[in-house]
Amino acid sequence: MSQDGLDAALDVIAEALRAIARYPIPLGGEGEEDPSQISAKWAEHILKLAIPPGAAQPLKTRDYVGVRKFFVQLRQRESEQVSKSHQGLRESIWEFAKTLSQFFSDSRHSDERVKMQLDKLRSAAENADASQLRTEMMAAVGAIGDVLEERRQQHVQAMADLGKKVKELSVELETAKRDAAEDPLTHLPDRRIFDEELERVSQIDVVLGRQAVILIIDVDHFKGTNDSHGHAAGDQVLKHVADCISRTFIRRGDCIVRFGGDEFAILLRDTVIKDAHMLAERFMVRLKEKAPFPVTVSIGLAETIQGQSGSAWFERADRALYDAKRSGRNRVVDSVKTTTPNSSD
């Protein structure tokens, strides 16, 4: 071989050794010199006759036997490491597939698609190459994702159905209780019904994300009506107010009660404060129709706030009523101080 040919061969060997040093496969041996460093030393030895790995002093000739031995041993160790890692991956995937398969087998909602795909994955983990293993792994993940999404949708629908049933049962229950507890003068339920409904709505409807509104109605100057026209006249006024409330708030699920004395309370479920405000104004207009005596009312409104107790919710409506009376009566005020005076005020 000519000198040029020899130099070229040495360059190729050295470059191959440097490539091994640049792109090593981690072998994980503890207390051993890094194979990439050893490879770099062999490259220096081939090119410059530097001291080879394991030698105490320079050699007079290049140790080609040592280079070949190093390369063969390194490739053997790398092959063993890759096989070991691949086997570990196979075992992990097999255990993963076995565990999931057991879960779906035990589940009352087991899905044949997932179990079939997991069987294929276990078979691939035992026998297939890396490409086939990856294909089956992705297919299994896709099947599991589809099943989980279907179950999520089923859960959402089940919760919606449950919420609907709870609402229907609540309406039936409150209707039965109203029939059992009624104010003899106005034929409206008493305060106890309202308190129970307030507790139920604040605990159930708010959790389910439903809006609700409380209205507290107070007859303006009711004591003056009693003093001027007698208690019989006062009773007629209360009956008229109760009748106008019942004809304005007509939904079956609305809770309307005589709260005590000249006060009435309404709890509107599935209602936003804007709509409740409109109904309150409509009631005030209706109140003037065929009234036995001139009568006006003050109304306070408050809608639900997530996380707030029923008592705090009621207090906000009560404060709004106080603001309505302090502002001149004969008006509607909600808990955010939105005021609508009656047109005759």
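Of all the listed residues (Gly300, Gly260, Gly307), the sole one being modelled with pLDDT under 95 and within 21 Å of Asp183 (Cβ to Cβ) is Gly260. Would a scan of the range 25-41 turn up a residue that is modelled with pLDDT under 75 and either surrounded by 12 or more Cβ atoms within 10 Å (Cβ to Cβ) or among the β-branched types (Val, Ile, Thr) (or both)? Yes, that holds for at least one residue.
So is Ile256 outside any helix (DSSP H, G or I), touching a strand residue (DSSP E or B) at 6+ places or on another chain (Cβ under 9 Å) and under 25 Å from Gly328 (Cβ atoms) or not?
In short, no.
Within the range 137-166, the residues that satisfy the criterion of being out of contact with any helix residue (DSSP H, G or I) (no Cβ under 8 Å at 6 or more places or on another chain) and either touching a residue at least 40 places away in the same chain (Cβ under 8 Å) or among the hydrophobic types (A, V, I, L, M, F, W, C) (or both) are Met138, Val141, Leu148, Arg151, Val156, Ala158, Met159, Ala160, Leu162, Gly163. Residues being over 28 Å from Gly209 (Cβ atoms) and of a type in the set (Val, Ile, Thr) are entirely absent from the range 299-306.
Taking the range 265-278 as the range and being closer than 14 Å to Ser246 by Cβ and either in contact with a helix residue (DSSP H, G or I) (Cβ under 6 Å, 6 or more places away or on another chain) or part of a helix (DSSP H, G or I) (or both) as the test, the residues that pass are Ala265, Leu268. Residue-level check: of (1) in contact (Cβ under 8 Å) with a residue 60 or more places away in the chain; (2) of a type in the set (D, E, K, R); (3) touching a helix residue (DSSP H, G or I) at 6+ places or on another chain (Cβ under 8 Å), Asp318 misses just (3). Across the range 288-320, the qualifying residues are those that are closer than 19 Å to Thr248 by Cα and among the hydrophobic types (A, V, I, L, M, F, W, C), and the one among them that is surrounded by the fewest Cβ atoms within 10 Å (Cβ to Cβ) is Ala291.
Residues checked against (1) assigned to a loop (DSSP other than H, G, I, E, B); (2) closer than 21 Å to Thr304 by Cα; (3) not assigned by TED's automatic domain parsing to the domain that holds Phe314; (4) not aromatic (Phe, Trp, Tyr):
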position	(1), (2), (3), (4)
Gly209	yes, yes, no, yes
Asn226	no, no, no, yes
Ala280	no, yes, no, yes
Phe283	no, no, no, no
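In the range 204-260, the qualifying residues are those that are of a type in the set (D, E, K, R) and touching a Pro at 6+ places or on another chain (Cβ under 9 Å), and the one that is surrounded by the fewest Cβ atoms within 10 Å (Cβ to Cβ) is Lys239. Tell me which of these Val336 doesn't satisfy, since it passes every other one: (1) over 18 Å from Glu199 (Cα atoms); (2) buried (at least 16 other Cβ atoms within 10 Å of the Cβ). Looking at each condition in turn, Val336 falls short on (2).
The values are calculated or read from the model by the stated rules, or taken from the named source; none is laboratory data. Predicted model, so just to flag it, every value in this text is computed and none were measured. Cβ coordinates were reconstructed from backbone atoms using ideal geometry, including for glycine residues, and neighbour counts include every protein chain displayed.
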